[in-house]
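Have a look at the structure below before the remarks.
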Amino acid sequence: MLLRALGLILALIVPASAATRLNVAIGADVNVVEVHKTLLGPGFRAIEPDVELNVVGTGTGEPASRAIYTKIKAQADAGRKPWDIDVALVSMAVASQMVKEGLLLRYVPQMKNAALVKGAEVKEAFGVTVDGYVVPMFHNQIAIAYHPSKVVAPPKSFDELAAWVKANPGRFGYNGIKGGVSGVGFTIGWVYWKTGLYKELTQGPFDKAKEPAIREAITALRDFNKQAIITNGNAGTLDALNRGEIWMGVVWIDQLVAWKNEGRMDPAVTPALPAPGLPIYPLYLVVPREAAQKETAARYVDYIATPEVQAKAIVERFGWYPGVDPEKVLALITPKSRDLLFRGVSAQDLARYSRQMPLKEYHDLISLAYEEIVR
Amino acid sequence: MLAAVFLWPLGASVVASFSREGQWTLANYDTVRRLYAGDVLYTVGVAAAGTAMTFAVAIPVCGWLRMRAWGPIELLLKVPLFVPFVVVGHALRVFWSPYLPGFSSSWAGIAMALAWKHLGLAALLLLGAFRGTDESYLEAARQFGAGSLRVTKDVLVPMAGPALAVTAILIFSSMLASFSIPLMMGRGGGPQMLMIDVYYRFGQHGDFATASALGVVAYLLASGAALVYIRRLTR
């Protein structure tokens with residue numbers, strides 16, 4: 001973490017020659033960093049030639065977003081102004097924490113495309129009101145991927161999934177809660193299914209009396225895990241699927257698509273989204289409260305939120321779900337891209353079964369119960 | 001200098017481990033007890049097993065090299081010194097997986113990978129100690145018909161006892177603090193090495209307080225070994 005923060009500091013102090021330098025910190029994989037460097041940055045410069053983008057990646061997973069948070073928090077605590085990150089791409093958990101701690105600018109209302117920023121996840125995240133502070137760069141859905149040659153009828157519900165796993169021990173894998181957010185998401189989806197408390201756990205208010213139901217659900221998950229393989233991460237699940245070690249596993253759809261595009265994954269592996277659903281977990285574009293280039297930063301995010309840019313860069317190029325109003329964006333993509341995007345998981349599936357993350361208090365209760373009961 | 005680079009961060013970690021939201025508390029240690037007591041034992045067990053494996057290979061090979069110095073073997077033995085931890089974890093995971101599925105993520109797999117990585121350090125320290133043993137002792141043993149193994153067991157090891165102890169302490173402490181190899185080889189479930197738990201508390205939960213308490217526990221485990229080391233140095 002310290003090395004990441006140091007790397008971030010070094011990268012951000014490199015001088016730039018353009019009139020306005022926009023420091024963009026990306027808490028995501030190298031492919032996301034590359035989109036900003038090679039596609040979104042040059043596209044934005046075509047409109048605003050005076051702007052030079054300095055794009056820095058901080059790694060993958062939650063720790064990557066935490067590195068950005070740590071840096072901004074340190075500057076805030078030290079009373080230093082302006083802060084040297086203008087735009088950041090951070091996880092839902094970190095963004096909600098930053099909003100709560102007053103570290104972010106409420107910039108969305110000043111965007112031309114503000115009306116396209118819609119959905120429950122841009123209003124609240126982990127019980128924190130993030131409305132106006134965040135724009136999802138793209139949406140990322142957790143799903144169950146399977147080998148059609150081994151799984152004739154993919155599970156349409158968690159009931160069917162549990163029955164399949166019981167009948168096929170050692171052929172289903174996910175990464176627990178310590179190997180990445182897809183495993184956390186599966187655990188949360190499991191709790192939603194077992195408790196039937198989706199609305200209560202996501203909308204609150206927090207009620208400690210729900211804990212026994214959560215612990216009961218996690219106890220059932222412990223028994224389920226006896227027939228499952230716990231992999232060592234998101235990539236570990238994909239790898240096990242690809243090698244045929246497991247026939248079904250919990251994955252991020254974007255990572256599955258990326259691996260297929262890179263020729264690293266059996267193209268037959270298909271995602272499915274069983275009822276009552278699994279969490280969607282966007283990465284948010286945010287502007288720190290004391291960013292040196294607040295106006296330019298907001299315009300850069302506005303550019304990324306343009307339906308044409310979303311259609312070309314986010315959906316067609318990478319196969320990600322659009323970050324802003326899908327009705328506006330999906331109207332602009334080719335039928336081929338549409339087919340690729342919704343193979344296995346249809347737009348209707350997404351509309352019905354994309355689940356929100358719970359309130360932070362419930363999230364912590366679920367994690368704690370998992371650590372105590374499942375291990 | 002020492003205060004700035006070591007004592008200050010150490011002190012900050014200890015303070016953080018006893019506080020939560022600005023209040024002094026033992027709650028973080030209670031969390032460690034409730035959630036990670038098993039992992040503490042697991043970590044000590046893996047480190048002890050890894051150290052034993054390292055010595056099981058290093059002692060006979062270094063004993064043999066002491067008597068028949070052979071450059072290529074000595075070089076091979078020291079190669080792990082120059083291989084990064086992450087590379088060791090990845091390479092052994094990829095190497096073992098097709099033949100022994102599940103082994104690399106087991107405690108034995110992690111201990112063996114740690115032993116592989118520490119062989120170079122053990123060889124460096126043990127060869128130095130063995131070569132410090134006077135040749136006349138070895139000659140005498142040989143004249144009584146002792147082979148390489150016997151000379152190693154009955155002459156070299158007892159005479160290099162203090163150096164062996166120091167080597168064991170250094171390797172054990174390093175294994176206690178290992179992160180990259182368990183991260184590369186371990187699974188998302190079951191018992192975890194302590195540094196993985198530290199990373200999880202901080203990386204996933206942003207829980208610096210419990211992460212610090214876990215860190216202090218690791219300090220205590222390592223300092224038990226370090227005390228023996230310091231006593232050896234100052235004797």
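At-a-glance table
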item	result
Any chance B:Ser105 is of a type in the set (S, T, N, Q) and without any contact (Cβ under 8 Å) to a residue 12 or more places away in the chain	no
Total residues in the stretch A:216-237, condition within 14 Å of chain B (Cβ to nearest Cβ) and assigned to a helix (DSSP H, G or I)	10
Single residue of the stretch B:1-39 satisfying the filter (of a type in the set (Asp, Glu) and in a helix (DSSP H, G or I)) that is surrounded by the fewest Cβ atoms within 10 Å (Cβ to Cβ)	B:Asp30
Only listed residue being closer than 30 Å to A:Pro154 by Cα and in contact with a Phe, Trp or Tyr (Cβ under 7 Å, 6 or more places away or on another chain), chosen from A:Pro271, A:Pro276	A:Pro276
Flag for A:Leu197 being free of Cβ contacts under 8 Å to residues at least 40 places away in the same chain, more than 12 Å from chain B (Cβ to nearest Cβ) and buried (at least 16 other Cβ atoms within 10 Å of the Cβ)	yes
Any hit, the stretch B:225-235, residues being more than 30 Å from A:Ser65 (Cβ to Cβ), more than 17 Å from the chain's Cα centre (by Cα), away from chain A (no Cβ under 12 Å) and not in a helix (DSSP H, G or I)	yes
Exclusive hit being more than 14 Å from chain B (Cβ to nearest Cβ), surrounded by fewer than 19 Cβ atoms within 10 Å (Cβ to Cβ) and more than 20 Å from the chain's Cα centre (by Cα), set A:Ala153, A:Ala162	A:Ala153
Failed item in (1) surrounded by 18 or more Cβ atoms within 10 Å (Cβ to Cβ); (2) within 30 Å of A:Ala19 (Cα to Cα); (3) among the small types (Gly, Ala, Ser), with A:Ala292 passing the rest	(1)
Number of the condition not met by B:Ala209 [criteria: (1) away from every other protein chain (no Cβ under 12 Å); (2) closer than 27 Å to A:Ala95 by Cβ; (3) in a loop (DSSP other than H, G, I, E, B)]	(3)
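Yes or no, residue by residue, for (1) part of a loop (DSSP other than H, G, I, E, B); (2) modelled with pLDDT under 95; (3) within 14 Å of chain B (Cβ to nearest Cβ); (4) under 27 Å from A:Val181 (Cα atoms):
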| residue | (1), (2), (3), (4) |
| --- | --- |
| A:Ala67 | no, yes, yes, yes |
| A:Ile72 | no, no, yes, yes |
| A:Asp77 | no, yes, yes, no |
| A:Lys81 | yes, yes, no, no |
| A:Ala93 | no, yes, yes, yes |
| A:Gly102 | yes, no, no, yes |
| A:Lys112 | yes, no, no, no |
| A:Lys118 | yes, yes, no, yes |
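The values are calculated or read from the model by the stated rules, or taken from the named source; none is laboratory data. Please read these numbers as outputs of a predicted model, since none were measured by experiment. So basically every Cβ, Gly included, is an ideal-geometry build from the backbone, and we count neighbours across all protein chains shown.
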